[in-house]
Structures are given as structure tokens and as C-alpha cells.
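Enquirer: Next up is a structure, given as C-alpha cells.
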Amino acid sequence: MGTEALTVVIPTRDRPEWLSRSLAALASQAEALGGVIVVDSASRSAEVAQVARAFGAHYLREDVPGASRARNRGWREARTDYVVFLDDDLLVRPGWAPALAAAASEREVAFVTGRVALPEGASDPTGFALIDHGAARVLDAQTRGVLGGTANLLVSRRALAAVGGFDERLGPGRWLSAGEDLDLLDRLVEAGMTGWYEPAAVVECEQWREGSARTKLAWAYGKGMGARFAAMARRSPRRALARWNELLRLGGLATALHRRPSADAPTAAPTPGPGWSEPVCWRLGALVGFFAALPLRRWAGSKQ
């Protein structure tokens, strides 16, 4: 399978500067792709549309905010067999698209997750949003820990249709403001599908949030992790029980506040760890998200 079988879907809202950087990094690979779709999630200005069109991306607008809603609109508009989800504040590295395409074709899997790394020379003591599983490996219902995230994720359109896509009650733009990607991957493997982790498909994530913004992000990720486990507990109590420690320990989430060192992390000097507020907000958010989401019905797929 060539890269022309892939469509990249990027949801965005009121971040034209970051979107411009992301599309510029993608430009060297965009011509070989089946298309790039930018879904504007209710931005309050026309700048996002201008940036998307300037880079030749197909622009769509959703008047109701929500990253999950935007991603669902994007993959349903795509005409290729595979869709790649990318966040608007990430930069792809050379060889990213071919690595994803090769993994999906050679392994015949329903989804492929890639590595999310720091820019060269950067440091981040909390490890927000970074994913590094080491060597390439199969991902299935027996895999422990986080399978991946929409920062760097390929999924077949057939698989997305089979599970109903993203649950639109989860993710940025909704009160349960994260966990939509983890929930999607949970449902894929629970349906008997397998995936692959491909470390050669790398995107860079610059940690631009500081202070209170990082604390708010910890709260958001915690709520999302809690909601993800509430959904899992309703569908598969045994699986949720076997993974309860992922809910309680910070290192159980791809965006956890404590992670093992990445190959891209500098080693010249140690960096201070996160303050007390971030772990506390994450843990409180996880509890709140779990109990808020537990009574909700129809966790099998996206809310229509």
C-alpha cells in the first residue's frame, strides 16, 4: 500500500499559527497522500480556513465545537481506505507517512500508532502527550497500558465504521474533555481487531503550555481517563478490573505526568518534576470523570 491510500484528518479550533506550522511540516509528504482534510471545530475567526486553503487542504467546518465530532466528520468525508489522525500542534518527521502506510499494509492490521516525541534538544519533566513504546509490536486486547492516541494514529475506515467512530461526548470541546482516542482504541481491540505500534512513524510535540494551563490540562486528561474507564467498565467489567491500576497511577496514560525517558530527551542535566498541583488535578479529574460518565448509556460508539 502506498501513501496515496491515506487521508490525513486534522481537527482544529482557533489555532491558525499552530495549524500553519503543522501543515508546513506535512507539505513535503502531502502531495503523495490521498488528501489532507482540516476540520474547523467552530473557530471564531476565518484565519483557520485561510491557512488550510493556503496549504491546499480540503477545508470543512463544524459549527458545534468538539474534536471528536470534527474527527468523525473528517473520516466520513475521506475517500481512502485508511485515515490518519493528527493534532494541529504536532510536526511530522520525514518518512512519517511511508512508515505508517508500510506498517498497515505489511501487517494487515486495523490501526497503527506511532511515536510522539519531543523536538530535538527539548525537555519536558512531565511528559505530557508523549508516546514511546520502544520496539515495534502488536497491539491487541491483551496489551497493557495505553495503545496510542490521535496525535499519531492510522485507522482503516472499515474499522472506524464498524465501531461507530469516536464517541462525541468525549474529547476537547466537551465537558469530558479527553480520553476519546483511548476509548476508540479500546473498542477496536475489544471487537477483536489488532493494531501495530510503529516507532519509525514519528511526530514532534512541543510542550508549549505552562503554569496554570498545564494544570488545567492535567485536570482535562484525568477526566478523560476516568470517563474511558467508566465506558470500559460498562462494556467489559473484567477487562476494566484487570487494568484498574492504569486509572490510579499517573504513568498509565500516554499523557501521564511521569514516564520512562524517551530517546529524544536530553540527558545533559536533570529537569525538575511537575508540581504537586498537576498530579492532584489528574487524580481528582480521573475520579470525577469516572463517576460522571458511569451512568451514561450507549458507550458502544459515537453518540448520534
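The values are calculated or read from the model by the stated rules, or taken from the named source; none is laboratory data. These numbers come from a predicted model, not from an experiment. Heads up, the Cβs are rebuilt from the backbone with ideal geometry, glycines too, and the neighbour counts pull from every protein chain shown. Just so you know, the surface numbers come from the protein's heavy atoms only, side chains and all, with ligands and any DNA or RNA stripped out. Shrake-Rupley method; radii C 1.70, N 1.55, O 1.52, S 1.80 Å.
Enquirer: Run through the DSSP bridge list for the stretch 1-101 and note the antiparallel percent, rounded to the nearest 5. Let's see the in-between values first.
Expert: Values: 0 of 15 bridges.
Just about 0 percent of them are antiparallel.
Enquirer: When ligands, DNA and RNA are left out and all protein chains stay put, how many square angstrom of accessible area per residue does the stretch 69-123 have with a 1.4 Å probe? Provide the component values of the computation, followed by the final result.
Expert: Details: 2060 Å² over 55 residues.
Per residue, the stretch 69-123 has 37 Å² of solvent-accessible surface.
Enquirer: Follow-up. In terms of the Cα gyration tensor, with a ≥ b ≥ c the square roots of its eigenvalues, is the stretch 167-216 rounded because a/c is under 1.5, prolate because a/b exceeds b/c, or oblate?
Expert: Working: a/c = 3.81, a/b = 1.32, b/c = 2.88.
Note, shape of the stretch 167-216 comes out oblate.
Enquirer: At a 1.4 Å probe radius, carbon and sulfur cover how many percent of the accessible area of the stretch 28-167? Write down the numbers at each step before the final one.
Expert: Working: 2510 of 5490 Å².
Ligands and nucleic acids excluded, carbon and sulfur give 46 percent.
Enquirer: So, one more: Per residue, how much accessible area does the stretch 148-201 have with a 1.4 Å probe, in Å²? Don't jump to the answer; show the numbers that get you there.
Expert: Details: 1480 Å² over 54 residues.
Dividing the accessible area of the stretch 148-201 by its residue count gives 27 Å².
Enquirer: So how do 184-193, 68-77, 134-143 stack up, highest first, on mean other-Cβ count within 10 Å?
Expert: On the way: 184-193: 20.9, 68-77: 23.3, 134-143: 13.7.
In descending order of packing, they fall as 68-77, 184-193, 134-143.
Enquirer: For residue 142 and residue 287 in the same chain, what is the full-extension length gain: residue separation times 0.36 nm, less their Cα-Cα distance, in nm?
Expert: Values: separation 145, 0.36 × 145 = 52.20 nm, distance 2.47 nm.
The residue 142-residue 287 span can extend by a further 49.7 nm.
Enquirer: Roughly how big is the stretch 151-209's charge dipole about its Cα centre, with Cβ charges of +1 (Lys, Arg) and -1 (Asp, Glu), in debye to the nearest 20?
Expert: Taking the Cα centre of the stretch 151-209 as origin, the dipole is about 180 debye.
Enquirer: Can you figure out the FRET efficiency of residue 238 with residue 47, using R₀ = 35 Å and their beta-carbon distance, to the nearest 0.05? Walk me through the intermediate numbers first.
Expert: Working: r = 48 Å, r/R0 = 1.38.
Here the calculated transfer efficiency is 0.15.
Enquirer: What is the local net charge at residue 102, summed over the other residues whose Cβ is closer than 14 Å to its Cβ (Lys, Arg +1; Asp, Glu -1)?
Expert: Details: positive: 107; negative: 4, 106, 108, 198.
Computed value for this residue: -3.
Enquirer: A follow-up question, please. Under 1.5 on a/c is rounded, so check that first for the stretch 139-244, then, if it is not, pick prolate when a/b is larger than b/c and oblate when it is not; a ≥ b ≥ c are the square roots of the alpha carbon gyration tensor eigenvalues. All intermediate terms of the calculation are to be shown ahead of the outcome.
Expert: Details: a/c = 1.69, a/b = 1.26, b/c = 1.34.
Oblate shape, in that a/c is at least 1.5 and b/c is the bigger or equal ratio.
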